[in-house]
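The numbers here are math on the coordinates, done by the rules we state, and not lab data. Remember, it's a predicted structure, so these values are computed and weren't measured experimentally. Neighbour counts run over all protein chains shown; Cβ positions are idealised from the backbone, glycine included.
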């Protein structure tokens, strides 16, 4: 049990660090909502498009405007670009009631965005009491430049009896804790988009979100090998990258521990693999109980809610899979679940622990199949 205790202590230490970061991000949003997301536009803005007018926001966005949109506050826009320095701007047509507005709304994290369903949107719009015959004709989850987005198309009548249609594109910038909302209002009574509006929507770009090619993993999708446990490989879940335990050789972990993290900016969950020297006799190992694990964890957490405990096989090796919710001084405000896989490898004289720390329970699919991610390349030869 000493080896098991040491591995669990390491996991708890990593958890405390991660939960602290999560709280820091939340508090910063509450303290300075607008300042946190305002960034100056760099010189590397969207390339100018000949004969087109571009709307650029210093909050980090750009889009090409339709030919009919040519004014701001009744004044014609001159030049090929209009720059907005505020978190709200409306540009409109000088010849019709068509307009486009962009709102940058702070304090909108991934979880708030995910709860924004079609039903919620409809209820909020109807509660305004401004429009009649309000209809949601399309509601679709999509992506823009890798960011989660929602595409909504509606139609209604305003108090003057004018019929209009709107397309709203909401982009969640989780790394800025903000939603970027683009609303296109047009009076095309056939209820179809003109080519110009379609091109404008397709041109939406986050100009401060360019990613460097220097971080591209040329072996992306390939499993990781572990020098401390010969023949062991780990097939990282899609979208998860190695953040601790790298070596000079790509996808080789030379240390006795490795941490993988989700590439989603809003998800601070982590997956820790720890290898200990020495192993237990198989009979002794199989005598471990759920109560043994609970007793070890009780020194770290104030509350443990056990969900499942079962003996499983990882390749040819005996293992235990334990899933539980925890609460402690650093985690009381979080919906936190851990899935622990403890593997006994007597022929390698090693014990291996894999622990998924899942903040807000967004990774149940990984938890369900955790034992299939770890493989031993020597298993096939051992069975011959």
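Descriptive notes on the structure:
- Computed E for residue 117/residue 316 - FRET, C-beta separation, R0 51 angstrom, nearest 0.05: 0.65
- Cα point-scatterer Debye curve for the stretch 40-202, base-10 log of I(q)/I(0) at q = 0.12, 0.13, 0.14, 0.17 Å⁻¹: -0.55, -0.65, -0.76, -1.14
- Counting beta carbons within 10 Å around each of 241, 300 and listing the fewest first gives the order 241, 300.
- Computed over the alpha carbons of the stretch 61-135, Rg followed by Dmax gives 15.9, 42 Å.
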